[in-house]
Amino acid sequence: MTTAAASSPVRSATMVLELYYPGSEGPGPASEWPDDLLAARVQGLQRQRAKAAAEEAELILALAGQRPAAADPAPEHPGARRAGWTAQPGDGEVSEFFTAELATVLNVGRGTAAIRLTRALTWARKLPGTFAALRAGDIDERRAQQLADAVKNVPADVAGRVEAELLPEASDLSVTRVGTRAAELVLQLDAAAEEARVEAAKAADVHVYPSPVDGRAVLAVDLPAEEAAAAKDLIDQLARMLKADGDERPIGQLRTLVAAALILRPADTGLPLVTANLTITAALEALEGGCAPGEVNGLVITAAHLRDLLARLAALGVSTPEGGSLSYALTGPDGELLATLTPAELERLATRGCPDHPAGDCGCEVAGPPPATDRYRPTERQRAFVTARDRRCRFPGCGQRVGAKDIDHVIAHACGGATDCANLCCLCRSHHRLKTHAPGWRFTMTGDGTLQVTTPSGVTRTTRPPGLRPPVAPPHPPPGERPPDRPEPPPPAGNTDEDPPPF
């Protein structure tokens, strides 16, 4: 809405009013608003998101300032971070453990937290104009993110020149074009672009992400552009050969089959043949034809997919597949793990029964968690139990799958913590180091494996083992009715001569 001043000595003046209707307040339901008001409201929300992103970045920087890298283990310390591990944001000024704290505070993954911290540092140190525009709501979060991504690895003077060239027109370009144009300017202006490319190669990796489609996952490989293009072209050519030979499946499906075959059966590459390790978790209900889903290395698959996979591995019998292993996990009514048994152990217990009451079904427990040990290192049976219970790193928001984790004491062994399954959990190496060496963190765990992690800033997150059902919340009482666990106040005492509190 724009109004002109009518009786002012200034020839013309304008005032812009930003309309904002919080919640459902305003001129009736949104469905009854005129289209220009709806459009203005949507634009106002986008400006608010930009301002909120800038405020979040400022708060992240303030919290990061209270977590200096000087508090991390020194290079000569046994717990020091090893060279070659994934680079941490902060240029060595921010604690390597801060990303994990930020992830816990925001309740997001560590990768997302690293992106938030990196962009906050980039806006503040290299893109002050973009940061100011974001605070004012004059540039949206996604375009500001594109600028930060393009210049995060270049010197501040180069970033400033890119910003001076691109910021004035950023709002008139598409989000993708902002990123592309920023990358072009970096290559033109940065003499050290080659060094940045080398550094990016050091941070390259292979990742697996869950797909939106049940039972599928995305395998992402970070490659130099020319290698990625060549690999895609090779896969495409081989898929088109299959198509030319009469394969009627969609070309995209053929590409995925070719890519998987090239990786899983590396013939004529000179690479040694290896065996992939799959940990398959299946409920008995699914094997009997039910609909309970399963897992493959932590990725959820449907019950039908699970049965098909086990049939291909010749394990649906149920027998131990060739070259693999098979164990049974016995769970309670709430999904808590009670025991893990090999097929031989299960058969022996079923045949022998209770040693104290061999004549009948006495109801005695004949299987349970492995006993505690006086040693520091867990026994193999404890490892099998804890791995079956946890399946992945138990740190909130992490989820590193089986094979990439340590078995750790929740209460440190040196502080009196028992080597017992009720005091052991799976943590990836990074979060194992955090628990051991980062100051101010607190870990506690209950007997069923429920883990609580509290950050130095006081934020607590709770994780349960994947199979454990959450506790049932008590029903809410009807309006005006006292909750059942709150006792009625006692009637007034007969003797009123005593002084009322406070005494």
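Points worth noting:
- Test: Thr180 is open to solvent by 50 Å² or more (accessible area, probe 1.4 Å), more than 26 Å from the chain's Cα centre (by Cα) and polar (S, T, N, Q): yes
- Taken over the range 403-436, the criterion of being small (Gly, Ala, Ser), part of a helix (DSSP H, G or I) and in contact (Cβ under 8 Å) with a residue 24 or more places away in the chain is satisfied by Ala422, Ser430.
- Within the range 99-158, the only residue that satisfies the criterion of being at pLDDT below 95, of a type in the set (Asp, Glu) and within 21 Å of the chain's Cα centre (by Cα) is Asp149.
- Restricting the range 149-163 to residues that are of a type in the set (Gly, Ala, Ser) and crowded, with 23+ Cβ neighbours inside 10 Å, the residue that is nearest to Thr118 (Cα to Cα): Ala150
- Qualifying residues in the range 437-479 (those that are part of a loop (DSSP other than H, G, I, E, B) and open to solvent by 90 Å² or more (accessible area, probe 1.4 Å)) - the one modelled with the lowest pLDDT: Pro479
- Some residue of the range 380-393 being farther than 17 Å from Leu338 by Cα, touching a residue at least 40 places away in the same chain (Cβ under 8 Å) and open to solvent by 40 Å² or more (accessible area, probe 1.4 Å): yes
- Scanning the range 183-206 for residues that are surrounded by 11 or more Cβ atoms within 10 Å (Cβ to Cβ) and at pLDDT 85 or above gives Ala183, Glu184, Leu185, Val186.
- Apart from one condition, Asp233 fits all of (1) open to solvent by 60 Å² or more (accessible area, probe 1.4 Å); (2) at pLDDT below 85; (3) in contact with a helix residue (DSSP H, G or I) (Cβ under 8 Å, 6 or more places away or on another chain); the exception is (3).
- Residue that is open to solvent by 60 Å² or more (accessible area, probe 1.4 Å), in contact (Cβ under 8 Å) with a residue 12 or more places away in the chain and in a helix (DSSP H, G or I), where the choices are Arg119, Arg142: Arg142
The values are calculated or read from the model by the stated rules, or taken from the named source; none is laboratory data. Being a predicted model, the structure only gives us computed values, none of them experimental. Don't worry about glycine lacking a Cβ; one is built from the backbone with ideal geometry, like all the others, and counts go over all protein chains shown. We work out accessible area using only protein heavy atoms, side chains counted, and drop any ligands, DNA or RNA first. Shrake-Rupley method; radii C 1.70, N 1.55, O 1.52, S 1.80 Å.
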